[in-house]
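Nothing in this text is a laboratory measurement; each read-out follows from the coordinates by a stated rule. The structure displayed is predicted, hence computed values, not measured ones. So basically every Cβ, Gly included, is an ideal-geometry build from the backbone, and we count neighbours across all protein chains shown.
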Amino acid sequence: MMKIAQIVGARPQFIKLAPLSRKIRQRHQEIIIHSGQHYDLQMNEVFFRDMEIPAPDYNLNVGSGSQATQTAAILTAIERILENEKPDLVIIYGDTNTTLAGALAAAKLNIKIAHIEACLRSFNKSMPEEVNRIVADHLSDILFAPTETAMQNAHKEGLLNKTFQVGDIMVDSLIFGIKKAEKESKVLSTLQLEDENYCLLTLHRPYNVDNPDNLLHILSGLNTLQRKIIFPVHPRTRNILKKIKDNHYHHIHYIEPQAYLDFLLLMKNADMIFTDSGGIQKEAYILKKPCVTLRPETEWLETVQSGWNLLLPVASKDFPNEINKFTPPSEHPDLFGKDVAELILQTLETFL
């Protein structure tokens with residue numbers, strides 16, 4: 001039996017943790033460390049109940065700050081916990097400051113590290129996430145790559161000997177969450193969307209939402225499509241909207257941030273998804289939803305190559321006109337696998 005510490009810092013990482021946590025607790029001892037890097041209005045006891053995972057053993061509540069300040073605070077706190085708990089293995093996810101801090105703390109203490117969602121690359125080092133994932137990959141002892149493109153990146157960086165292509169753990173989370181959402185969520189009736197065609201919009205990248213002019217450009221452009229667009233607005237983005245004089249659009253409907261199961265049901269029933277989120281691009285693909293990515297690059301190249309994800313920078317002269325021409329093909333290749341959590345745990349048990 002191994003003692004395994006899982007380190008996460010935001011709701012998307014808990015969603016990825018959930019299926020693996022359920023597997024680990026059947027065979028091993030688990031400790032969950034939450035850095036509190038992102039404050040999330042929906043990160044409450046309902047969320048943990050819905051995903052059937054225990055509340056974190058440690059909540060560091062580091063909050064926001066500059067990249068260096070936040071990473072240093074998480075690193076300092078995690079180091080103390082790992083020294084006390086002495087786990088056999090640390091598991092980190094994705095590309096946040098929590099991911100980087102967890103990798104650094106474990107490496108300094110000579111604790112084995114597994115990185116889930118490894119070897120993704122946007123090749124844009126102006127994104128803090130790109131730096132985080134590169135460092136985490138090179139520090140980790142075992143890497144779990146979700147796609148063939150990620151394996152190619154591992155080969156180019158000399159990481160192939162410790163990298164395993166297992167698929168994407170979000171497949172497990174989505175299958176589990178959609179089943180619960182269809183039974184329990186009332187979001188479609190609450191928002192009067194049961195018989196409505198609509199698109200779903202999410203925005204969170206600083207270059208899209210922090211500048212009022214950029215946000216105005218995106219919203220006004222999407223409004224010209226004359227499609228009903230549901231936009232769950234984070235409070236931080238809502239504060240930016242208040243700085244925009246004319247921020248009301250006939251076709252865009254602002255709603256509050258949604259609980260996880262409610263948001264899953266909104267995705268499943270949308271005609272199309274507009275987003276700047278890496279995770280939602282992937283979820284849209286798994287749910288067979290056409291996705292327009294409002295960014296100049298993506299970590300999920302396969303979704304673009306498949307024809308189901310349109311990469312459309314908002315600064316492009318083609319924005320938003322290309323959206324009306326976008327129709328995905330009938331083919332939908334299986335890019336992300338199945339039963340990923342079990343495969344990850346079996347691999348860990350074999351090689352560590």
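When the Gaussian network model of the chain links Cα atoms closer than 10 Å, the mean-square fluctuations of LEU201, LEU160, LEU294 top out at LEU160. Between 0 and 90 degrees, the angle of helix 97-108 with respect to the longest Cα principal axis of the chain falls at about 10 degrees. Using a cutoff of 8 angstrom between alpha carbon atoms and counting only pairs six or more residues apart, the relative contact order for the chain works out to 14 percent.
Filter the GluC sites (Glu not before Pro) in the stretch 303-352 down to the DSSP loop ones having no more than 16 other Cβ atoms within 10 Å, then list what survives.
Answer by residue number: GLU331.
Ignoring the sites themselves, what is the longest stretch of the chain with no trypsin sites (Lys or Arg not before Pro) in a DSSP loop and at most 12 other beta-carbon atoms within 10 Å? The longest such stretch corresponds to 1-124. The dipole here belongs to the chain: it is taken about the Cα centre, uses +1 on the Cβ of Lys and Arg and -1 on the Cβ of Asp and Glu, and is about 400 debye. Could you work out which residue, out of SER66, SER173, SER316, moves most in a Gaussian network model of the chain, that is, has the largest mean-square fluctuation with Cα springs under 10 Å? Between SER66, SER173, SER316, it is SER66 that shows the largest mean-square fluctuation.
Highest GNM mean-square fluctuation among LEU109, LEU264, LEU100, for the chain modelled with Cα contacts below 10 Å: LEU109. Projecting the Cα positions of SER66, ILE134, GLY167 onto the charge dipole of the stretch 62-189 (unit charges on Cβ atoms of Lys, Arg, Asp and Glu, taken about the Cα centre) puts SER66 furthest along the positive direction.
Considering all C-alpha pairs of the stretch 95-221, those separated by over 17 Å amount to 70%. What is the helix-to-structure angle for 212-223, meaning the angle in degrees between its Cα long axis and the longest Cα principal axis of the chain, kept from 0 to 90 and rounded to the nearest 10? Result, in degrees: 60.
Close amide H pairs (under 5 Å, H built 1.01 Å from N) link ALA145 with ALA118, PHE164, GLN165, VAL166, residues at least 5 positions away or on another chain. Once Rg and the Kirkwood radius are both taken over the C-alpha atoms of the stretch 186-325, their ratio Rg/Rh works out to 0.93. Between helix 11-27 and the chain there is an angle of about 40 degrees, using the helix long axis and the longest principal axis of the Cα atoms. Comparing Cα centroids, the stretch 189-207 and the stretch 83-114 end up 36 angstrom apart.
When every Cα-Cα distance of the stretch 128-198 is counted in 5 angstrom steps from zero, the calculated P(r) takes the values 4, 13, 16, 16, 11, 8, 8, 11, 9, 5, 0 percent.
Estimated translational diffusion coefficient (Stokes-Einstein, Kirkwood radius over Cα pairs, 4 °C, 1.567 mPa s) of the chain: 62 µm² per second.
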